[in-house]
1. Quick check on region 11-21. Is at least one of its residues in contact with a helix residue (DSSP H, G or I) (Cβ under 8 Å, 6 or more places away or on another chain) and within 18 Å of residue 102 (Cα to Cα)?
2. Being at pLDDT below 90, part of a helix (DSSP H, G or I) and surrounded by 14 or more Cβ atoms within 10 Å (Cβ to Cβ) narrows it down to one of 186, 148, so name that one.
3. Condition check: closer than 18 Å to residue 338 by Cβ and surrounded by 24 or more Cβ atoms within 10 Å (Cβ to Cβ). Does residue 64 satisfy that?
4. Determine whether region 210-221 contains at least one residue that is at pLDDT below 90 and part of a loop (DSSP other than H, G, I, E, B).
5. Please go through region 60-115 and give me each residue that is modelled with pLDDT of 90 or more and not in a helix (DSSP H, G or I), ordered by number.
6. Using beta carbons and a limit of 8 Å, which pairs, at least six apart or on different chains, have the first residue in region 231-256 and free of Cβ contacts under 8 Å to residues at least 12 places away in the same chain and the second one surrounded by fewer than 21 Cβ atoms within 10 Å (Cβ to Cβ)?
7. Which residue pairs have Cβ atoms closer than 8 Å, lie 6 or more positions apart in sequence or on different chains, and pair a first residue in region 24-45 that is touching a residue at least 60 places away in the same chain (Cβ under 8 Å) and on the phi < 0 side of the Ramachandran plot with a second residue that is surrounded by fewer than 17 Cβ atoms within 10 Å (Cβ to Cβ) and not in a helix (DSSP H, G or I)?
8. Filter region 265-282 for residues that are surrounded by fewer than 24 Cβ atoms within 10 Å (Cβ to Cβ), assigned to a helix (DSSP H, G or I) and over 16 Å from the mean Cα position of the chain (by Cα) and give the result.
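The values are calculated or read from the model by the stated rules, or taken from the named source; none is laboratory data. Here the structure is a predicted model, which means the values were calculated and not measured. Cβ placement follows ideal geometry from the backbone for every residue including glycine, while neighbour counts extend to all protein chains displayed.
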(Lines give C-alpha, C1' and ligand atoms only; values in the text may rest on other atoms or scores of the structure.)
Protein backbone atom coordinates (compact mmCIF):
# COMPACT_ATOMS: atom_id res chain seq x y z
CA UNK A 1 0.00 0.00 0.00
CA UNK A 2 2.74 2.42 0.90
CA UNK A 3 4.31 2.19 -2.55
CA UNK A 4 1.09 2.76 -4.46
CA UNK A 5 -0.78 5.15 -2.18
CA UNK A 6 -2.51 8.00 -4.02
CA UNK A 7 -2.17 10.98 -1.71
CA UNK A 8 -4.26 13.28 -3.93
CA UNK A 9 -7.15 10.82 -3.88
CA UNK A 10 -7.02 10.77 -0.09
CA UNK A 11 -6.92 14.57 0.01
CA UNK A 12 -9.97 14.85 -2.28
CA UNK A 13 -11.96 12.27 -0.29
CA UNK A 14 -11.06 13.91 3.02
CA UNK A 15 -12.02 17.31 1.64
CA UNK A 16 -15.41 15.87 0.59
CA UNK A 17 -16.04 14.79 4.18
CA UNK A 18 -15.15 18.24 5.48
CA UNK A 19 -17.41 19.87 2.89
CA UNK A 20 -20.19 18.16 4.86
CA UNK A 21 -19.04 18.83 8.42
CA UNK A 22 -18.16 22.43 7.52
CA UNK A 23 -21.87 23.19 7.18
CA UNK A 24 -21.65 24.64 10.69
CA UNK A 25 -20.40 27.85 9.07
CA UNK A 26 -23.81 28.30 7.43
CA UNK A 27 -25.60 28.30 10.79
CA UNK A 28 -26.57 31.96 10.54
CA UNK A 29 -28.83 31.01 7.60
CA UNK A 30 -30.74 28.57 9.85
CA UNK A 31 -30.77 30.75 12.97
CA UNK A 32 -33.37 33.37 11.98
CA UNK A 33 -35.92 30.93 10.51
CA UNK A 34 -35.43 28.61 13.49
CA UNK A 35 -36.22 31.48 15.85
CA UNK A 36 -39.35 32.36 13.87
CA UNK A 37 -40.67 28.79 13.68
CA UNK A 38 -39.92 27.76 17.25
CA UNK A 39 -40.14 31.09 19.06
CA UNK A 40 -36.71 30.63 20.65
CA UNK A 41 -34.51 33.70 21.18
CA UNK A 42 -31.43 34.23 19.04
CA UNK A 43 -29.24 33.93 22.12
CA UNK A 44 -30.77 30.51 22.89
CA UNK A 45 -30.23 29.38 19.31
CA UNK A 46 -26.67 30.67 19.06
CA UNK A 47 -25.80 28.60 22.12
CA UNK A 48 -26.21 25.53 19.88
CA UNK A 49 -23.49 26.87 17.55
CA UNK A 50 -21.32 27.62 20.57
CA UNK A 51 -21.73 24.10 21.97
CA UNK A 52 -21.06 22.57 18.54
CA UNK A 53 -17.70 24.29 18.26
CA UNK A 54 -16.80 24.11 21.94
CA UNK A 55 -17.10 20.31 22.27
CA UNK A 56 -14.67 19.89 19.37
CA UNK A 57 -11.53 19.43 21.51
CA UNK A 58 -12.99 16.32 23.14
CA UNK A 59 -12.99 14.39 19.87
CA UNK A 60 -10.19 16.46 18.31
CA UNK A 61 -7.79 15.08 20.92
CA UNK A 62 -9.26 11.56 20.98
CA UNK A 63 -9.59 11.44 17.20
CA UNK A 64 -6.05 12.77 16.83
CA UNK A 65 -4.74 10.09 19.20
CA UNK A 66 -6.53 7.32 17.26
CA UNK A 67 -5.27 8.76 13.98
CA UNK A 68 -1.72 8.70 15.36
CA UNK A 69 -2.34 4.97 16.00
CA UNK A 70 -3.25 4.34 12.36
CA UNK A 71 -7.07 4.39 12.60
CA UNK A 72 -7.73 7.45 10.42
CA UNK A 73 -10.20 5.74 8.08
CA UNK A 74 -12.48 4.62 10.91
CA UNK A 75 -12.24 7.83 12.87
CA UNK A 76 -13.26 9.84 9.80
CA UNK A 77 -16.18 7.52 9.03
CA UNK A 78 -17.51 7.54 12.61
CA UNK A 79 -17.12 11.32 12.87
CA UNK A 80 -18.84 11.99 9.56
CA UNK A 81 -21.76 9.70 10.39
CA UNK A 82 -22.21 11.26 13.85
CA UNK A 83 -22.23 14.76 12.35
CA UNK A 84 -24.78 13.78 9.69
CA UNK A 85 -27.10 12.11 12.20
CA UNK A 86 -26.89 15.14 14.48
CA UNK A 87 -27.84 17.39 11.58
CA UNK A 88 -30.80 15.15 10.65
CA UNK A 89 -32.04 14.86 14.24
CA UNK A 90 -31.91 18.65 14.60
CA UNK A 91 -34.81 18.66 12.14
CA UNK A 92 -36.83 16.81 14.79
CA UNK A 93 -35.90 19.08 17.72
CA UNK A 94 -38.84 20.28 19.80
CA UNK A 95 -36.94 22.20 22.47
CA UNK A 96 -33.68 24.15 22.87
CA UNK A 97 -32.32 21.25 24.94
CA UNK A 98 -32.82 18.81 22.07
CA UNK A 99 -31.23 21.36 19.71
CA UNK A 100 -28.19 21.48 21.99
CA UNK A 101 -27.95 17.67 22.12
CA UNK A 102 -28.34 17.11 18.36
CA UNK A 103 -26.74 20.07 16.60
CA UNK A 104 -24.56 21.07 19.54
CA UNK A 105 -23.24 17.84 21.04
CA UNK A 106 -23.70 15.05 18.47
CA UNK A 107 -22.77 17.05 15.37
CA UNK A 108 -20.05 18.88 17.30
CA UNK A 109 -18.39 15.68 18.49
CA UNK A 110 -18.67 14.14 15.03
CA UNK A 111 -17.17 17.20 13.41
CA UNK A 112 -14.22 17.10 15.82
CA UNK A 113 -13.49 13.47 14.94
CA UNK A 114 -13.69 14.05 11.19
CA UNK A 115 -11.75 17.33 11.12
CA UNK A 116 -8.91 16.13 13.34
CA UNK A 117 -8.37 12.90 11.46
CA UNK A 118 -8.81 14.28 7.93
CA UNK A 119 -6.33 17.06 8.63
CA UNK A 120 -3.67 15.11 10.52
CA UNK A 121 -3.75 12.10 8.20
CA UNK A 122 -3.58 14.19 5.02
CA UNK A 123 -0.77 16.60 5.86
CA UNK A 124 1.44 13.62 6.76
CA UNK A 125 1.27 12.79 3.05
CA UNK A 126 2.55 16.23 1.99
CA UNK A 127 5.84 17.00 3.79
CA UNK A 128 6.90 18.82 0.62
CA UNK A 129 3.78 21.02 0.43
CA UNK A 130 2.63 21.24 4.02
CA UNK A 131 1.08 24.70 3.84
CA UNK A 132 -0.70 23.97 0.57
CA UNK A 133 -2.05 20.63 1.79
CA UNK A 134 -3.20 22.13 5.08
CA UNK A 135 -4.90 24.93 3.17
CA UNK A 136 -6.61 22.57 0.73
CA UNK A 137 -7.92 20.14 3.34
CA UNK A 138 -9.17 22.86 5.66
CA UNK A 139 -10.72 24.60 2.64
CA UNK A 140 -13.31 21.85 2.73
CA UNK A 141 -14.45 23.08 6.13
CA UNK A 142 -14.29 26.72 5.14
CA UNK A 143 -15.97 26.27 1.77
CA UNK A 144 -18.84 24.09 2.91
CA UNK A 145 -21.23 26.99 3.45
CA UNK A 146 -20.75 28.12 -0.16
CA UNK A 147 -22.86 25.10 -1.03
CA UNK A 148 -24.87 24.79 2.17
CA UNK A 149 -26.13 28.39 2.46
CA UNK A 150 -28.03 28.68 -0.85
CA UNK A 151 -29.33 25.10 -0.66
CA UNK A 152 -30.54 25.62 2.91
CA UNK A 153 -32.17 28.92 1.95
CA UNK A 154 -34.01 27.27 -0.96
CA UNK A 155 -35.19 24.38 1.23
CA UNK A 156 -36.31 26.76 3.98
CA UNK A 157 -38.27 28.90 1.51
CA UNK A 158 -39.87 25.89 -0.22
CA UNK A 159 -40.69 23.96 2.97
CA UNK A 160 -39.29 25.04 6.35
CA UNK A 161 -36.10 25.05 8.38
CA UNK A 162 -36.74 21.67 10.01
CA UNK A 163 -37.15 20.06 6.57
CA UNK A 164 -33.85 21.66 5.52
CA UNK A 165 -31.99 20.11 8.47
CA UNK A 166 -33.38 16.64 7.73
CA UNK A 167 -32.71 16.65 3.99
CA UNK A 168 -29.19 18.01 4.36
CA UNK A 169 -28.42 15.49 7.11
CA UNK A 170 -29.40 12.60 4.82
CA UNK A 171 -27.31 14.03 1.97
CA UNK A 172 -24.26 14.46 4.19
CA UNK A 173 -24.56 10.88 5.41
CA UNK A 174 -24.47 9.54 1.84
CA UNK A 175 -21.45 11.69 0.88
CA UNK A 176 -19.50 10.70 4.01
CA UNK A 177 -20.07 6.98 3.51
CA UNK A 178 -18.94 7.12 -0.14
CA UNK A 179 -15.86 9.27 0.59
CA UNK A 180 -14.75 6.98 3.44
CA UNK A 181 -14.08 4.16 0.97
CA UNK A 182 -11.31 6.20 -0.66
CA UNK A 183 -9.47 7.23 2.52
CA UNK A 184 -6.37 5.29 3.60
CA UNK A 185 -3.98 5.64 6.51
CA UNK A 186 -0.88 7.73 5.82
CA UNK A 187 2.26 5.53 6.05
CA UNK A 188 4.72 6.41 8.81
CA UNK A 189 7.46 8.85 7.77
CA UNK A 190 5.95 9.12 4.30
CA UNK A 191 8.09 10.91 1.70
CA UNK A 192 7.05 11.54 -1.89
CA UNK A 193 9.27 9.90 -4.47
CA UNK A 194 12.37 11.99 -5.20
CA UNK A 195 11.80 14.44 -2.34
CA UNK A 196 14.05 15.28 0.59
CA UNK A 197 13.66 18.08 3.13
CA UNK A 198 15.73 21.05 2.01
CA UNK A 199 13.79 24.13 3.12
CA UNK A 200 14.58 24.96 6.76
CA UNK A 201 11.17 26.63 7.14
CA UNK A 202 9.50 23.24 6.72
CA UNK A 203 11.71 21.45 9.22
CA UNK A 204 11.98 23.93 12.09
CA UNK A 205 12.42 21.94 15.35
CA UNK A 206 10.96 18.98 13.46
CA UNK A 207 11.87 16.36 16.03
CA UNK A 208 8.85 14.65 17.48
CA UNK A 209 7.43 15.70 20.82
CA UNK A 210 4.45 14.18 22.59
CA UNK A 211 1.79 16.33 24.19
CA UNK A 212 3.48 16.39 27.61
CA UNK A 213 6.71 17.67 26.06
CA UNK A 214 4.76 20.18 23.99
CA UNK A 215 3.12 21.64 27.10
CA UNK A 216 6.56 22.31 28.58
CA UNK A 217 7.54 24.65 25.73
CA UNK A 218 6.90 28.40 25.72
CA UNK A 219 5.92 28.26 22.05
CA UNK A 220 2.83 26.18 22.90
CA UNK A 221 1.26 28.97 24.96
CA UNK A 222 1.98 31.58 22.31
CA UNK A 223 0.53 29.34 19.58
CA UNK A 224 -2.68 28.44 21.42
CA UNK A 225 -3.43 32.07 22.35
CA UNK A 226 -2.63 33.28 18.82
CA UNK A 227 -5.08 30.71 17.46
CA UNK A 228 -7.73 31.87 19.95
CA UNK A 229 -7.49 35.57 19.08
CA UNK A 230 -7.02 34.82 15.38
CA UNK A 231 -10.20 32.78 15.09
CA UNK A 232 -12.41 34.95 17.37
CA UNK A 233 -13.52 37.43 14.71
CA UNK A 234 -13.96 34.72 12.08
CA UNK A 235 -16.25 32.68 14.32
CA UNK A 236 -18.15 35.77 15.39
CA UNK A 237 -18.90 36.61 11.76
CA UNK A 238 -19.51 33.00 10.70
CA UNK A 239 -22.27 32.58 13.27
CA UNK A 240 -23.84 36.01 12.74
CA UNK A 241 -23.13 37.06 9.14
CA UNK A 242 -26.72 36.84 7.92
CA UNK A 243 -28.03 38.55 11.05
CA UNK A 244 -25.44 41.37 10.82
CA UNK A 245 -26.23 41.87 7.14
CA UNK A 246 -29.97 42.16 7.75
CA UNK A 247 -29.93 44.20 10.97
CA UNK A 248 -27.01 46.57 10.38
CA UNK A 249 -26.77 46.75 6.59
CA UNK A 250 -30.49 46.26 5.78
CA UNK A 251 -30.05 43.31 3.42
CA UNK A 252 -32.85 40.92 2.45
CA UNK A 253 -32.73 37.32 3.68
CA UNK A 254 -31.66 36.05 0.24
CA UNK A 255 -28.99 38.72 -0.16
CA UNK A 256 -27.69 38.01 3.34
CA UNK A 257 -27.49 34.30 2.42
CA UNK A 258 -25.41 35.30 -0.62
CA UNK A 259 -22.98 37.10 1.68
CA UNK A 260 -22.77 34.02 3.90
CA UNK A 261 -21.72 32.09 0.79
CA UNK A 262 -19.28 34.87 -0.15
CA UNK A 263 -17.78 34.73 3.33
CA UNK A 264 -17.42 30.97 3.04
CA UNK A 265 -15.86 31.26 -0.41
CA UNK A 266 -13.28 33.68 0.96
CA UNK A 267 -12.78 31.43 3.99
CA UNK A 268 -12.13 28.55 1.61
CA UNK A 269 -9.79 30.49 -0.68
CA UNK A 270 -7.96 32.02 2.27
CA UNK A 271 -6.91 28.60 3.54
CA UNK A 272 -5.28 27.72 0.24
CA UNK A 273 -3.86 31.16 -0.56
CA UNK A 274 -2.39 31.90 2.87
CA UNK A 275 -1.22 28.29 3.27
CA UNK A 276 0.69 28.54 0.01
CA UNK A 277 2.10 31.96 0.90
CA UNK A 278 3.26 30.62 4.26
CA UNK A 279 5.29 27.92 2.48
CA UNK A 280 7.35 30.76 1.00
CA UNK A 281 7.12 33.60 3.53
CA UNK A 282 7.03 31.52 6.70
CA UNK A 283 4.06 30.84 8.99
CA UNK A 284 4.67 33.56 11.59
CA UNK A 285 5.33 36.37 9.10
CA UNK A 286 2.19 35.37 7.22
CA UNK A 287 0.23 35.73 10.46
CA UNK A 288 1.49 39.30 10.87
CA UNK A 289 -0.25 40.21 7.62
CA UNK A 290 -3.39 38.27 8.56
CA UNK A 291 -3.86 39.99 11.93
CA UNK A 292 -3.37 43.39 10.26
CA UNK A 293 -6.00 42.71 7.59
CA UNK A 294 -8.44 41.44 10.25
CA UNK A 295 -8.13 44.71 12.16
CA UNK A 296 -8.65 46.83 9.05
CA UNK A 297 -11.66 44.78 7.90
CA UNK A 298 -13.34 45.16 11.29
CA UNK A 299 -12.74 48.91 11.17
CA UNK A 300 -14.53 49.05 7.81
CA UNK A 301 -17.56 47.26 9.28
CA UNK A 302 -17.50 49.59 12.27
CA UNK A 303 -17.37 52.95 10.51
CA UNK A 304 -19.22 52.35 7.23
CA UNK A 305 -22.79 51.18 6.65
CA UNK A 306 -23.08 50.60 2.91
CA UNK A 307 -23.47 47.27 1.17
CA UNK A 308 -20.03 47.77 -0.37
CA UNK A 309 -18.48 48.19 3.07
CA UNK A 310 -20.16 45.00 4.24
CA UNK A 311 -18.72 43.18 1.22
CA UNK A 312 -15.20 44.52 1.92
CA UNK A 313 -15.41 43.50 5.57
CA UNK A 314 -16.82 40.06 4.77
CA UNK A 315 -14.15 39.38 2.14
CA UNK A 316 -11.26 40.50 4.36
CA UNK A 317 -12.44 38.60 7.42
CA UNK A 318 -13.29 35.49 5.41
CA UNK A 319 -9.88 35.34 3.75
CA UNK A 320 -8.09 35.85 7.06
CA UNK A 321 -10.19 33.40 9.06
CA UNK A 322 -9.34 30.86 6.39
CA UNK A 323 -5.69 31.83 6.66
CA UNK A 324 -5.67 31.26 10.40
CA UNK A 325 -7.20 27.80 10.01
CA UNK A 326 -4.82 26.90 7.18
CA UNK A 327 -1.57 28.06 8.78
CA UNK A 328 -1.79 26.79 12.36
CA UNK A 329 -1.71 23.02 11.65
CA UNK A 330 1.65 23.52 9.92
CA UNK A 331 2.96 25.66 12.79
CA UNK A 332 2.19 22.84 15.23
CA UNK A 333 3.84 20.19 13.06
CA UNK A 334 6.94 22.29 12.49
CA UNK A 335 7.42 22.83 16.22
CA UNK A 336 6.55 19.33 17.46
CA UNK A 337 6.99 16.95 14.51
CA UNK A 338 4.54 14.75 12.57
CA UNK A 339 4.43 11.65 14.78
CA UNK A 340 1.99 13.07 17.35
CA UNK A 341 0.40 15.73 15.16
CA UNK A 342 -3.14 14.46 15.70
CA UNK A 343 -2.97 14.64 19.48
CA UNK A 344 -0.86 17.80 19.61
CA UNK A 345 -3.04 19.79 17.22
CA UNK A 346 -6.14 18.53 19.01
CA UNK A 347 -4.85 20.12 22.20
CA UNK A 348 -3.83 23.36 20.45
CA UNK A 349 -7.32 23.44 18.91
CA UNK A 350 -8.66 24.23 22.39
CA UNK A 351 -7.72 27.80 21.47
CA UNK A 352 -10.17 27.71 18.58
CA UNK A 353 -12.90 26.14 20.71
CA UNK A 354 -12.45 28.79 23.38
CA UNK A 355 -13.00 31.42 20.70
CA UNK A 356 -16.00 29.42 19.48
CA UNK A 357 -17.48 29.46 22.97
CA UNK A 358 -17.05 33.19 23.55
CA UNK A 359 -17.14 34.73 20.04
CA UNK A 360 -20.75 34.05 19.02
CA UNK A 361 -22.08 34.53 22.57
CA UNK A 362 -20.29 37.84 23.08
CA UNK A 363 -21.50 39.12 19.70
CA UNK A 364 -25.11 38.02 20.24
CA UNK A 365 -25.24 39.40 23.79
CA UNK A 366 -23.80 42.77 22.73
CA UNK A 367 -26.21 43.00 19.79
CA UNK A 368 -29.28 42.17 21.89
CA UNK A 369 -28.31 44.90 24.35
CA UNK A 370 -27.82 47.42 21.52
CA UNK A 371 -30.92 46.93 19.36
CA UNK A 372 -29.16 44.57 16.94
CA UNK A 373 -26.00 46.68 16.60
CA UNK A 374 -22.73 44.68 16.58
CA UNK A 375 -20.35 47.67 16.68
CA UNK A 376 -19.08 47.04 20.21
CA UNK A 377 -18.49 43.39 19.32
CA UNK A 378 -16.31 44.58 16.43
CA UNK A 379 -14.28 46.68 18.87
CA UNK A 380 -13.66 43.62 21.06
CA UNK A 381 -12.47 41.65 18.03
CA UNK A 382 -10.15 44.50 16.95
CA UNK A 383 -8.46 44.53 20.36
CA UNK A 384 -7.95 40.76 20.19
CA UNK A 385 -6.47 40.99 16.69
CA UNK A 386 -3.96 43.57 17.94
CA UNK A 387 -3.06 41.25 20.82
CA UNK A 388 -2.46 38.51 18.24
CA UNK A 389 -0.16 40.82 16.32
CA UNK A 390 1.89 41.52 19.44
CA UNK A 391 2.11 37.83 20.39
CA UNK A 392 3.21 36.96 16.87
CA UNK A 393 6.10 39.44 17.13
CA UNK A 394 7.09 37.77 20.40
CA UNK A 395 6.91 34.34 18.70
CA UNK A 396 9.15 35.49 15.84
CA UNK A 397 11.77 37.24 17.97
CA UNK A 398 11.75 35.02 21.06
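1. So the first thing to find is which residues in region 11-21 are in contact with a helix residue (DSSP H, G or I) (Cβ under 8 Å, 6 or more places away or on another chain), and the list is 11, 13-21.
Pick out the ones that are also within 18 Å of residue 102 (Cα to Cα) and you get 20-21.
Yes, there is a match, as at least one residue in region 11-21 is in contact with a helix residue (DSSP H, G or I) (Cβ under 8 Å, 6 or more places away or on another chain) and within 18 Å of residue 102 (Cα to Cα).
2. On the way: 186 fails: part of a helix (DSSP H, G or I).
Exactly one of 186, 148 is at pLDDT below 90, part of a helix (DSSP H, G or I) and surrounded by 14 or more Cβ atoms within 10 Å (Cβ to Cβ), namely 148.
3. Yes, satisfied.
4. Yes, region 210-221 has at least one match.
5. Those that are modelled with pLDDT of 90 or more and not in a helix (DSSP H, G or I): 91, 92, 93, 94, 95.
6. What qualifies is 252/246.
7. If the second residue must be surrounded by fewer than 17 Cβ atoms within 10 Å (Cβ to Cβ) and not in a helix (DSSP H, G or I), the pairs left are 33/160; 37/160.
8. 276, 277, 279, 280, 281
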